[in-house]
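The values are calculated or read from the model by the stated rules, or taken from the named source; none is laboratory data. Owing to the predicted nature of the structure, the values given are computational and were not obtained by experimental measurement. Cβ sites come from the backbone with ideal geometry, for glycine too, and all protein chains shown count toward neighbours. Keep in mind that these areas ignore ligands, DNA and RNA; they rest on the heavy atoms of the full protein, side chains included. Shrake-Rupley method; radii C 1.70, N 1.55, O 1.52, S 1.80 Å.
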Amino acid sequence: MERYFDILSNDINNEKAYKQLSKYMDTKWLFDYELDEQGLIPKDIKRGVLSQDALYNLLDEYDD
């Protein structure tokens, strides 16, 4: 999902990335976020998509 996050961050009109991230946010994001909060996702893995506001704000920007 991080790859799609980067793609949409750089190309706000990328529909494929938007759809993947939107589905992720609705289905699995909270689970992954909680794993990260528990320290179960290695700190050396890029995880900007798990930021509390970043994904929501990015999807909202696409909707605008």
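Couple of notes before you dig in:
- Sulfur and carbon atoms: percent of accessible area, the chain [1.4 Å]: 47
- Probe 1.4 Å - accessible area at K28, Å² to nearest ten: 100
- Per-residue accessible area (protein heavy atoms, 1.4 Å probe) orders F5, F31 as F31, F5, starting from the largest.
- A crude spin-label estimate for the pair S51 and R3, with each label 7 Å from Cα along the Cβ direction, gives 2.1 nm.
- Using C-alpha pairs under 8 Å with a sequence gap of at least 6, the mean separation divided by the residue count of the range 2-52 gives a relative contact order of 42 percent.
- Think of each Lys and Arg Cβ as +1 and each Asp and Glu Cβ as -1; about the Cα centre, that makes the dipole of the chain roughly 320 debye.
- Given their separation in residues at 0.36 nm each and the Cα-Cα distance between them, K19 and E61 gain 13.8 nm when the chain is fully extended.
- Between D26 and K43, the contour length at 0.36 nm per residue exceeds the Cα-Cα span by 3.7 nm.
- Per-residue HN-Hα couplings for the range 6-15 [Karplus 6.51, -1.76, 1.60; θ = phi - 60°; Hz; x = Gly/Pro]: 5, 4, 5, 4, 8, 9, 4, 9, 6, 5
- Candidate values [x] 0.97; [y] 1.56; [z] 0.89, label of the one derived for Rg/Rh (Cα atoms, Kirkwood Rh): [x]
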